[in-house]
Each structure stands twice: as C-alpha cells, then as structure tokens.
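Below is one structure; the comments refer to it alone.
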Amino acid sequence: MIDLDRVSKDFVVHQKEARQLAVLRDISFKVNEGEVYAVIGPSGCGKTTLLRIIAGLEEKDRGSIRINNDEVIGPGRDRGLVFQTFNLFPWMTVRQNVEFVLYDLTSDERDARVKRYIDLVGLSGFEDYHPHQLSGGMLQRVGIARALSIEPNVLLLDEPLANVDSQTAELLLDELLKIFEKTRKTAIYVTHNMDEAIYVADKIIVLSQRPGTVMDVIDVNLPKPRWQYDVRGLPEFAALRSKLRRFLGLAK
Amino acid sequence: MKVEDSESRPEKKPEQLASALPETLPAVTRAHGARSILENKWFIRIVAFVIIMGIWQIVGSSTNPLFFSTPVGVIKGFGTLLSGQGNYSLLDATIVTLEDMLAGFVIAAVVGVAFGIALGVSRKLDVALNPYVNALYVTPRIALIPLIIIWFGIGFTAIVFTVFLTAVFPMIINTQAGVKNVSRSLLDTANVFMVGPVRRFRSVIIPAATPFIMAGLRLGVAEAFIGVIVAEMVLSLTGLGYMITAFGQYYDTPQLIGTILVLMIIGAALTSFVQFLESKISYWKQTERAFR
C-alpha cells in the first residue's frame, strides 16, 4: 500500500557555503491497507518533515515513496492531510472550508459529501459557523472532516491533537479510532505523545534523534475496539509504554 | 532628627493602618465616587476644550484680526460660509472637492490594488519595478506639480492626476505586502488538496490580503484628501483648496480658519468611514493571527 524505500532528506542551511543539515536518513517501512501506523520520535527528529514529504508538500532528496505502486511526486488527492495547526480558512464557514476542497464534484454530490463527513465528526448544526466561533477540538474536527471528504486512500495526520486540551484530545482520539474502524482507512499518525501512539496504532515506527532513522517498528497487539476496553490500564499497554520510553530515552 | 524620623515611620505605619482601616473605608469610597467624574474622559475633554477656546479667544482678541481670529470670529466666518452670503459657497466647494478627490481616489484604488497584486504575485515584476515604486513613493508629490501643469494645464484632469499620484503608492505597497504575507500554512493547505491557481487566488490569496488592502485604502483616502487640497490650491479656481488660497490672499482669517475646520471634519469623517468598512470586512482578522 504505502512503501517507503530509503527516503532521505537534507535541509540547506547556508546556500553559499552549501552547508546542509541531515534531517532524515534511509527511512524504509511499509504500511498495509487498512493499517494505522504511528510515527513517534524526539522533537526535531524530522517526523513532521517525513509526513510532509509523503503528503507531497516537500521533496525528498533520495529514495522512493510508492502508494499503490505509484511513485509520489507531489501532492495528490489520494492522500488527505490533517494539520497540527488546523489550517482552516478563517473567512470561510465550516461548510465552505470542506466544500473548498471538493471542487471536482457536482453540487449535489458535494452537498451529500459535506453532510456525510460533517455528520461523521459530529459537527452537524455547526455548518454555518466561522472558525473563530469554534473551540480547538471543533476546529480539528473540521480539519478531519475536510481530509476525509476527498475520500483519500491514505489519511495523514500531523500531531492532530497537539493543539487541543487533553480531555478533548482523549475524546477526539476515541472518535478517530471509530472513524478508522468505520472507514477502514490506511493512516499515518505522527505524534510525540507515547500514549496516543500506543492507543491509536497497529504499529509504531520509532525514529531516532536527528538525522531521523528508523530505530524500531513495534507491533501493538492490544484488543480492538480499544475504546470499549480500558486498554490504557492493561499490563501490555504499560509494557509498550516502558519499551517506547527506553527507545526515546536512548534516542536522547 | 531626620534620620530618626524616617526610621520610626515604618514602625508606626502598620498600627495606624490597622486602626484607621474601618473608618477610612467609606471615605475612600466617597473619594472614589467624586474622582470618577474628574476622571471621566468626556469631562476632561470638555474642560480642556473650554480652556483652549478661552486662551484662543484671549490671544485672538489681542491680535490684529488680519493675522489671527477668535473662536467667536471663526463661528461668524463659518456662518458667512454656510449662509452663502460671501463670495464663495461652502457647499458647492465641498462638492467640487469631494468629486475631484473621489475621481482620483477610485482610479488610484483600482490601479494600486491591481498593480500591488501583480507585484505581490510575480517576483520578477517585483524585482524589476520595486525600486521605481519606492523612489516615487518618497518623492514629494508637490514637486511634480510644475510638471503636471506642463502636461495637463490647470483644471480637473490635473487635479485628478495629482490625487492619483498621492493616493496610489500606499495602496500599491500595502496590497503587495498583503499578497506576499499570505500565511505559508494556508498555501500549503491549498496545495495539499490540489486547489488550482484560480481558486487559490480568489479564495485564499485575496481574502488573506484583504486586511492589508483595506489598510492601504485607509491610508490612500488620507493621502487623496491631502492631494486634492494641495492640487486645488495651485491647480484650480474652485473647491475648498482654492477657497483657502483665496481667503489667505484676502486676509479673511475667520473664513480661512472656518474652511480649515471643514477640512478637519471631512478628513475625520472619511477616515472613520473607511475604518468602519475595514472592521466589517476583516472581522476574522484576530483569529487568522491566532491559528496561523
């Protein structure tokens, strides 16, 4: 499904001296259809850059990324991106923010699509609100609805709960799990939060300190649906958490 | 003596305070109530206005009326202007001035915003033309008036051109800044969902630049007003600008100052009107900053 092969990226720090900063080194992993992968690592390890490369917003320097055997060469509507900073257009209503990305549909299809995904994230009744009238959690719901509304093969999430308060984040995480369950979406979920990673993912990719390399891929074999069991209280959860902590401690 | 005094003070103070507290409390409240009128901003303004007018009246009365007037004189002059009994009709002149200004401002707004967008979108155009825009912006426009007279003579065209030249630059510069400052993350969003260039321009760049464009229009209105008065003073035989020159030449100080007051009122009204439009159009500005 998604196949990363030795993806590397450098940032040019100084144009004239040709000084470069190695950001990512030989990142390789495969994500199977319908699986949710979390990418975790210390801050500055390049995890957001990796996601932006997969989204097509930044170019890689070496390696290849294939989605369903098609090489990624730029942005594409096979991928939907959820931003850490929501990135809603403040002059558009909730409905207009979603409609804005559905320009390829007829107006009937568009209306149906908007309704379906605004309902899915629980924002019915807020269609005509502007972003400045909504809370952080609601803003990110719009962000999620927008990304899902183009019905992408892959959902990419860049620390989606980092700007949401912790209680709202926990609620929203459960709803994301339900959405993953319902839509069977393949997803890459970038986070710096260990609990979030364990809770949401089938597999966790642990990146090292910059330049980011894949230190380990950890299987998360917790029972599903996870919102029905209090999986955070299971001994396996604690074991995964201490394993991750060791890795991230090692990385520092 | 003094040293002892200052040393003993801190010891006494807490006792005094503790014993005095219940008694002073109502007194403080009363003092606060009395003070609140003294601190009322309209009260302060009215007192200041009365004092300034009084000083003006006294200074004006003891000056040769050819050189300076008094508030009473200005009110009389203003009355003459309004009644139309003088040589000039205030209303007609105001209409002429506003027409001159509006014509120049509208052309400047259309050209300024369009050119500003072009400079903001195209790096090449910006690199090529930015030096000229900046050079013309800092050139005192009044220095160009002899050239304008050579080109257009005096009259409507010359005035409109002067207004255009004064008003266009803040609008070019602000629009360009607005287009260039569209947040990176919103452009990323349009890119990642593969929104085409036309929709991106219409639905992202223009709305994001609107607060800057409105600020440019506000500055442009102020500049256009300066431009029209300067132009009418030298390039016209009508309008408020011409009236000022004429009253000055006749040493009619009361009517001269009366006309200047009219200019102040029109200027303030124009600026607050554009500010009102600005607040209506850019209501989302505060959130845009918060969630960049």
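Just so you know, all these numbers are worked out from the coordinates, no wet-lab data involved. These figures come from a predicted structure and were not determined experimentally. Heads up, the Cβs are rebuilt from the backbone with ideal geometry, glycines too, and the neighbour counts pull from every protein chain shown.
So here's what we get for this one:
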read-out: Percent breakdown of C-alpha pair distances by 20 Å bin, ordered from the shortest bin, for the protein assembly as shown; value: 16, 33, 25, 22, 4
read-out: Debye intensity ratio I(q)/I(0), log10, chain A, q values 0.09, 0.12, 0.15, 0.17 Å⁻¹ (C-alpha model); value: -0.40, -0.72, -1.09, -1.34
read-out: Charge context of A:E59, other residues only, Cβ under 12 angstrom, K/R +1, D/E -1; value: +1
read-out: For chain A, size of Cβ-based charge dipole, Lys and Arg +1, Asp and Glu -1, in debye; value: 720
read-out: Long-range amide H partners of A:V36 with built H, under 5 Å; value: A:A187, A:D202, A:K203
read-out: The range B:223-262: translational diffusion in µm²/s, Stokes-Einstein, Kirkwood Rh over Cα pairs, 20 °C, 1.002 mPa s; value: 215
read-out: Of A:K60/A:K243; A:K9/A:K182; A:K115/A:K182; A:K203/A:K243, pairs whose Cα-Cα distance is over 25 Å; value: A:K60/A:K243; A:K9/A:K182
read-out: Percent antiparallel among DSSP beta bridges (both partners in the protein assembly as shown, rounded to 5); value: 50
read-out: Within-14-Å neighbourhood charge of A:P160 [Cβ basis; K, R +1; D, E -1]; value: -3
read-out: Residue exposure sequence - A:E58, B:E39 - by fewest surrounding Cβ within 10 Å; value: B:E39, A:E58
read-out: Distant-in-sequence amide H partners of A:Q84 (H built 1.01 Å from N, under 5 Å); value: A:D158
read-out: Relative pair counts by distance (%), Cα atoms of the range B:198-281, 10 Å bins; value: 17, 34, 23, 15, 8, 3, 0
read-out: √(5λ) per eigenvalue of the Cα gyration tensor, the range B:80-290, largest first, Å; value: 39, 20, 11
read-out: Dipole-positive endmost among A:M194, B:F152, B:P170 within the protein assembly as shown (Cβ charges, Cα centre); value: A:M194
read-out: Within the range A:2-51, GluC sites (Glu not before Pro) in DSSP loop having at most 14 other beta-carbon neighbours inside 10 Å; value: A:E17, A:E33
read-out: Protection proxy ranking, peptides A:164-174, B:119-129, A:72-82, B:96-106, average beta carbon neighbours within 10 Å, highest first; value: B:96-106, A:72-82, A:164-174, B:119-129
read-out: Neighbourhood charge, 11 Å Cβ-Cβ cut-off, centred on A:T93 and excluding it, Lys, Arg +1 and Asp, Glu -1; value: -2
read-out: Mean residue ellipticity (222 nm) of chain A, computed from DSSP H runs ≥ 4 via -39,500 (n - 2.57), nearest 500; value: -10500 deg cm²/dmol
read-out: Low-density loop cleavage sites - trypsin sites (Lys or Arg not before Pro) in the range A:85-116, where at most 14 other Cβ are within 10 Å (DSSP); value: none
read-out: Kirkwood hydrodynamic radius of the range A:1-120, from inverse mean 1/r over distinct Cα pairs, in Å; value: 16.8
read-out: Trypsin sites (Lys or Arg not before Pro) within the range A:181-210: DSSP coil, no more than 11 neighbouring Cβ in 10 Å; value: A:R184
